[in-house]
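Q: Mind looking over this structure? Questions follow.
Every read-out reported here was derived from the displayed coordinates using simple, explicitly stated rules and does not represent laboratory data. These numbers were taken from a predicted model, which means no experiment stands behind them. Glycine gets a Cβ as well: all are built from the backbone with ideal geometry, and neighbour counts include every protein chain shown.
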Amino acid sequence: AVSTTVIRGGVRAQIRVRAIWQGVNLVDGREMECEAWDAVMTSKKGFDFLASDFNGFELEGTLVVPPGKSEPYEVRIKNTL
């Protein structure tokens, strides 16, 4: 019997994420939140999830406008009364 392992080379893996950031507006101190519904992220360099000396990596990507939305992201600023 023979078994085969296939390793695909030169493939840029993509990660699809929904992201929510929370922070403070540095101009007026109000709390704010940014939500991106669909982001397609990929790395500029290769990375190995199985390496013993795993280091961080940078991602870049594009935002996608999902069905039912007219924009790729939304920023919400909390107004206190």
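Q: For P(r) over Cα pairs in 5 Å bins from 0, in percent, one of (i) 3, 12, 22, 22, 18, 13, 7, 2, 0; (ii) 3, 15, 26, 31, 18, 7, 1; (iii) 3, 11, 14, 15, 14, 14, 11, 8, 5, 3, 2, 1, 1, 0, 0 was computed from the structure I shared and the rest are decoys. Which label?
A: (iii)
Q: Using r as the Cβ-Cβ distance of M32 and E58, and R0 as 30 Å, what FRET efficiency do you calculate, to the nearest 0.05?
A: 0.75
Q: If each residue of separation counts as 0.36 nm, what is the full-extension length gain between V6 and V75 once their alpha-carbon separation is subtracted?
A: Going from the current span to full extension adds 20.5 nm.
Q: Sticking with this structure for a sec: Using each residue's phi in the range 23-39, evaluate 6.51 cos²θ - 1.76 cosθ + 1.60 at θ = phi - 60° and report the 3J(HN,Hα) Karplus result to the nearest Hz, with x for Gly and Pro.
A: x, 10, 5, 6, 7, 10, x, 6, 6, 9, 9, 10, 10, 10, 6, 8, 10
Q: Please list, ordered by chain and number, the residues whose modelled amide H lies under 5 Å from the amide H of M41; skip anything fewer than 5 residues away on the same chain.
A: Long-range HN contacts for M41: I15, R16, V17.
Q: Within 15 Å, Cβ to Cβ, of M32, how many net charges do the neighbouring residues add up to if Lys/Arg are +1 and Asp/Glu are -1?
A: Value of the local net charge: -2.
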